[in-house]
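The values are calculated or read from the model by the stated rules, or taken from the named source; none is laboratory data. What you see is a predicted model, and the numbers here were worked out from it, not measured in a lab. Positions of Cβ are generated from backbone atoms using ideal geometry, with glycine treated the same way; all protein chains shown enter the neighbour counts. Surface areas here come from the heavy atoms of the whole protein model, side chains and all, with no ligands, DNA or RNA. Shrake-Rupley method; radii C 1.70, N 1.55, O 1.52, S 1.80 Å.
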Amino acid sequence: MLPGLILGGMYALVAMGLTLQYGVARIMNLSYGEFLVAAALATFFLYTGLGVSPLLGLLIAVPAAYVLNWAIYQLLLVPLVRRAKNRDMLEVDSILATFGMLFVVQGLAHVLVGGQYYSYSYLSIPLSILGSTVALNRLIALLFAALIGLALYFALTRTRAGMAIRAVAVDPVSAGLVAIDVRRASAFAFALGGALVAAAGVLVSVFLTLNASMGVVFTTKALIVVIMGGVGNLLGALLAGLVLGLAETAVARLIDPGLTLAANFALFLIVLLWRPTGLFGGAAR
Amino acid sequence: MRAATAAYGMFGLALSALLAVVPLLVSGYYLALGISVLSYTVLATSWALFSGPTRYISLATAAFFGIGAYTAAILGEKLPWPLVLAVAALIGIAVALVVGLSTLRLSGIYFVIFTFGLTELVRQLVTWYEVNIHGSVGRYIFVDVTQPVIYWYLLALAALVFLAGWLIGRSRLGLALRVIGDDEGVAGHCGIDITRAKLTVFSLSAVFMTVTGAIMAPRWTYIDPAISFNAFTSFQTLIMALFGGATRLFGPLLGVVPLVVLFELLGAHFPNYFSILLGVVFMVIVYLLPQGVAGLFTRGPPRLRTVGIGARLAERIGRVFDRPQASPPPVAAADGEAVPEILATRGLRKAFGGLVAVDNLELSVRKGEILGLIGPNGSGKTTVLNLISGAYRADAGEIRFRGQRIEALKPHRIAQLGVARTFQLVRVLGSMTCVENVIAGLAFRSPAVWGGRAEQMARALVDRVGLGARAGMPADELTYVDQKRLELARALAMQPELLLLDEWLAGLNPAELNDGIALVRSLRNDGLSIVVVEHVMDAIRSLCDRCVVMNAGCKIAQGPPAVVLADREVVRAYLGDADA
């Protein structure tokens, strides 16, 4: 149970940024996982090279990713937003553009750090909780994920800017009618999503072994969680992440570890057919 | 026309013959390049057969390709090679039908992600099967198929794809896909069996992909799931088709040739930077060439071709698969009734969540009358039309058209029985011309019209609604009023017995309103029965034989216009208690 929850929490963390980018800015970002890996690798070099602790690394990676993603949105994605006649066109264009971006980022990462695996040891102290053994670093990462998720949830539901973002997620045209600057809100959401994925990268780097071409794995997981939770729905992403984590752990334990990924996709496809708008209904709660 | 077709045919044959001798002249690197070009030509062209007109972006290419490759790997040593390909084709069809039936109701991003997920699922399952049951991840393929043979098979397959695409482009099926791509709702109301049209072409394109995978398998000697179900195959196919231009038959080819060569060169000369350069190429295509290379030479969407040898041949083939429709018996008057009833509803009910939009509605339309369905905004009028035309399924109650129950039928069946409609928010097929819009109404009704006669009839109808001067103009360039006229022409093309007009007269200026009223009246004089949902009281008074007034989902009055419009309850519903 507990390993399943921890895994699910990590999925939720990885997916939160994408649900903002796709749900609000309507950009289906296929290069999402590459940015996660980039942040994780940066954390590795900060820690092993300069001795900067990963938790301190959050303070560097998150603002940097925010600025970078804001620039990407303004420079590369705004032309697509302008050109798109409707939401479908923007989705297709953004899939293609970010797919190109995926290769660029992955290629850069390869040139810079090569293809080998990286991992470091930070607070890997085993703890025994409720009969299962869990490493301290995983727990800390999960704790931070929960904190970030809660902060985001309250920011979205309790602040004016959060309200604007939720309005854009539901209906960009109507949001414009009530004097919300849709483009600014979208850029903000995209950049915030980028900051979140950097945070996720830093946190998973604490306990996962990574290499430069693993981004796609994270993108796929995030995509599944986002669609299952309902696009733009933070709580949905959290619950879907947990469901997925538990299901994977259960399949690995009870049926066959080799089938976890297959179970993953099967679950996803069933949800997609049964409730295409996600397990937890409408957009942006 | 015939000469041009013959010339193209000769050119195609000559080109095929020329390409067929290539393996005799070159080998090694250049032959491999040729095989690569041909395989992506088949993949991208067959991808565009389905995804081009319907705009359903599929990422399932790798799934079908991989299934083909695995079929070849498993059966390659047990069966003769052509039989292996036939089995692969059958498996491809079977998988495509299952996938198609379950997913084609998803649209937009959900379809994209589903097809992507499907590829991953198949790969995971095959991997698991190979590891746990077969005992090793990979398989060796020892089949005596040489590189030139692979090349020739692919060349033949490419010729078949182009032939299939050429025929589809001239068939009613091709038109059906384009209508679906423009507006799926309209497609149903034009009498198009949406599921069948999409499934047919999706399966056809899947067969080509599967067979390509099977033909390519011996090239590797060793395959494992990561090689054969590589998601990259899907993306590369997609980007090549889009780069070339997916709405035209030869568009993908224009993308395949330069991109295969480019990727080859990049891989050979800049192996370390391949990925970066590839990404840059992708982005350049998206930003600079959204319409593809084909878009540089041609303007606008392709024109419909209904005449010529291709169209006749396609129609001949299509007839084989078409189920003939029995023509319905004439409507007879029941005992004691002067005029027979053409439409009747009983206990009709539709709720959206807690809101009951239509509640226990009884409605009857007599043959040859104009029935006004009126009531304040939100009273459920459009919902009634949607229930009759099959756009919504009723929660309870029955609808009889010419005595036959239709409440459970799909829109295309209802349309073929003789119910046509217009939409409250006008819905024309924007990428097609006026004549093509009307042909969409002719080509799928029962009995269907196609070829030169369809063109003539469409022109006559376009003339009748006063659009003769704009017959060749794309529908999305028409003004709002002209779009309404066009929508009516498309509905009339269905040769309906019952016509549903949803606020067709709204938004017209006084002169246009008079023309519009005269036009609707002339339709009744032709024997049509018409239900009009309308707010323009002048039109209601001068047109309608009877009115049914709805409020909050219920019928509150019915009778001649002058009587019901003076009814206290009706006045209260429209204007409130103070005026009643």
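For segment B:342-358, the set of residues classified as of a type outside the set (A, V, I, L, M) and either outside the structural domain of B:CYS554 (by TED's automatic domain parsing) or at pLDDT 90 or above (or both) consists of B:THR345, B:ARG346, B:GLY347, B:ARG349, B:LYS350, listed by residue number.
Could you tell me which numbered condition B:LYS78 fails, if it satisfies all but one of (1) surrounded by 15 or more Cβ atoms within 10 Å (Cβ to Cβ); (2) free of Cβ contacts under 8 Å to residues at least 40 places away in the same chain; (3) charged (D, E, K, R)? Just one mismatch for B:LYS78, condition (1). Only one entry of A:GLY23, A:GLY115, A:GLY57, A:GLY107 meets the criterion of being touching a Ser or Thr at 6+ places or on another chain (Cβ under 9 Å), within 13 Å of chain B (Cβ to nearest Cβ) and more than 23 Å from B:ILE285 (Cα to Cα), and that entry is A:GLY115.
Quick check, is B:PHE282 within 14 Å of another protein chain (Cβ to nearest Cβ) and open to solvent by less than 30 Å² (accessible area, probe 1.4 Å)? In short, yes. Given the criteria open to solvent by 50 Å² or more (accessible area, probe 1.4 Å), out of contact with any Phe, Trp or Tyr (no Cβ under 7 Å at 6 or more places or on another chain), modelled with pLDDT of 90 or more and not assigned by TED's automatic domain parsing to the domain that holds B:ARG172, does B:ARG421 qualify? In short, no.
Those residues that are open to solvent by less than 40 Å² (accessible area, probe 1.4 Å) and under 20 Å from B:LEU49 (Cβ atoms), I need them from segment B:244-275; list them, please. Within segment B:244-275, B:GLY244, B:GLY245, B:ALA246, B:GLY251, B:PRO252, B:GLY255, B:VAL256, B:LEU259, B:VAL260 qualify. Within segment B:529-548, the set of residues being open to solvent by less than 10 Å² (accessible area, probe 1.4 Å) and either more than 22 Å from B:GLY368 (Cβ to Cβ) or in contact with a Lys or Arg (Cβ under 7 Å, 6 or more places away or on another chain) (or both) comprises B:SER529, B:ILE530, B:VAL533, B:LEU543, B:VAL548. The C-beta contact set for segment B:179-198 (first residue closer than 18 Å to B:GLN495 by Cα, second residue among the β-branched types (Val, Ile, Thr) and open to solvent by 10 Å² or more (accessible area, probe 1.4 Å), distance under 6 angstrom, 6+ apart or interchain) comprises B:ALA187/B:ILE194; B:GLY188/B:ILE194.
Output the residues belonging to segment B:128-172 that are out of contact with any Leu (no Cβ under 8 Å at 6 or more places or on another chain), within 14 Å of chain A (Cβ to nearest Cβ) and open to solvent by 40 Å² or more (accessible area, probe 1.4 Å). Once the filter is applied, which keeps residues that are out of contact with any Leu (no Cβ under 8 Å at 6 or more places or on another chain), within 14 Å of chain A (Cβ to nearest Cβ) and open to solvent by 40 Å² or more (accessible area, probe 1.4 Å), segment B:128-172 yields B:TYR129, B:VAL131, B:ASN132, B:ILE133, B:HIS134, B:GLY135, B:SER136, B:VAL137. When residues in segment B:555-578 are screened for being surrounded by fewer than 17 Cβ atoms within 10 Å (Cβ to Cβ) and assigned to a helix (DSSP H, G or I), 10 of them pass. Under the condition of being out of contact with any Pro (no Cβ under 8 Å at 6 or more places or on another chain), at the interface with chain B (Cβ under 7 Å from one of its Cβ atoms) and closer than 15 Å to B:ILE113 by Cα, the residues counted in segment A:74-94 number 3. Within segment B:529-540, the residues that satisfy the criterion of being at pLDDT 90 or above and either within 22 Å of B:ASP482 (Cβ to Cβ) or charged (D, E, K, R) (or both) are B:ILE530, B:VAL532, B:VAL533.
Return a yes/no flag: does segment B:207-225 have any residue that is within 14 Å of another protein chain (Cβ to nearest Cβ), part of a helix (DSSP H, G or I) and out of contact with any strand residue (DSSP E or B) (no Cβ under 9 Å at 6 or more places or on another chain). For segment B:207-225, residues within 14 Å of another protein chain (Cβ to nearest Cβ), part of a helix (DSSP H, G or I) and out of contact with any strand residue (DSSP E or B) (no Cβ under 9 Å at 6 or more places or on another chain): present. Return a yes/no flag: does segment B:212-229 have any residue that is of a type outside the set (A, V, I, L, M), in the same structural domain as B:VAL42 (by TED's automatic domain parsing) and within 14 Å of B:THR41 (Cβ to Cβ). Taking every residue of segment B:212-229 in turn, at least one turns out to be of a type outside the set (A, V, I, L, M), in the same structural domain as B:VAL42 (by TED's automatic domain parsing) and within 14 Å of B:THR41 (Cβ to Cβ).
The requirement of being of a type in the set (Ser, Thr, Tyr), at pLDDT below 90 and in contact with a helix residue (DSSP H, G or I) (Cβ under 9 Å, 6 or more places away or on another chain) is fulfilled somewhere in segment B:7-23, by at least one residue.
Please verify whether B:ILE91 is open to solvent by 50 Å² or more (accessible area, probe 1.4 Å), more than 11 Å from chain A (Cβ to nearest Cβ), farther than 30 Å from A:MET28 by Cα and modelled with pLDDT of 90 or more, treating the condition exactly as stated. Judged against the criteria, B:ILE91 is a match. Put simply, of B:SER136, B:SER171 the only residue that is among the small types (Gly, Ala, Ser) and within 32 Å of the chain's Cα centre (by Cα) is B:SER171. Criterion applied to B:GLY100, B:GLY108 was being open to solvent by 10 Å² or more (accessible area, probe 1.4 Å) and under 19 Å from the mean Cα position of the chain (by Cα), and the one residue passing it is B:GLY108. If you filter segment A:226-247 down to residues that are within 12 Å of another protein chain (Cβ to nearest Cβ) and assigned to a helix (DSSP H, G or I), you find that the one that is surrounded by the most Cβ atoms within 10 Å (Cβ to Cβ) is A:VAL226. The number of residues in segment A:47-72 that are in contact with a Pro (Cβ under 8 Å, 6 or more places away or on another chain) and free of Cβ contacts under 8 Å to residues at least 60 places away in the same chain comes to 0. Taken as a whole, the structure leaves A:ALA198 outside the set of residues that are within 11 Å of another protein chain (Cβ to nearest Cβ) and open to solvent by less than 10 Å² (accessible area, probe 1.4 Å).
For segment B:424-445, does any single residue satisfy the condition of being among the β-branched types (Val, Ile, Thr) and within 11 Å of B:GLY191 (Cβ to Cβ)? So far as segment B:424-445 goes, no, none of its residues is among the β-branched types (Val, Ile, Thr) and within 11 Å of B:GLY191 (Cβ to Cβ). The residues of segment A:13-60 that are open to solvent by 10 Å² or more (accessible area, probe 1.4 Å) and part of a loop (DSSP other than H, G, I, E, B), listed by number, are A:ARG26, A:LEU30, A:GLY51, A:VAL52, A:SER53.
Listed by first and then second residue, the pairs with beta-carbon distance under 9 Å, at least 6 apart or on different chains, first residue in segment B:394-415 and assigned by TED's automatic domain parsing to the domain that holds B:LYS350, second among the hydroxyl-bearing types (Ser, Thr, Tyr) and open to solvent by 20 Å² or more (accessible area, probe 1.4 Å), are B:LYS410/B:THR195; B:ALA415/B:SER446. Of all the residues in segment A:248-262, those that are within 9 Å of another protein chain (Cβ to nearest Cβ) and more than 14 Å from A:GLY4 (Cα to Cα) number 5. Looking across segment A:208-225, the residues that are farther than 28 Å from A:ALA169 by Cβ and within 12 Å of chain B (Cβ to nearest Cβ) come down to A:ALA212, A:SER213. Of all the numbered requirements in (1) closer than 30 Å to A:LEU7 by Cα; (2) open to solvent by less than 60 Å² (accessible area, probe 1.4 Å); (3) free of Cβ contacts under 8 Å to residues at least 24 places away in the same chain, A:ALA189 misses one, and that requirement is (3).
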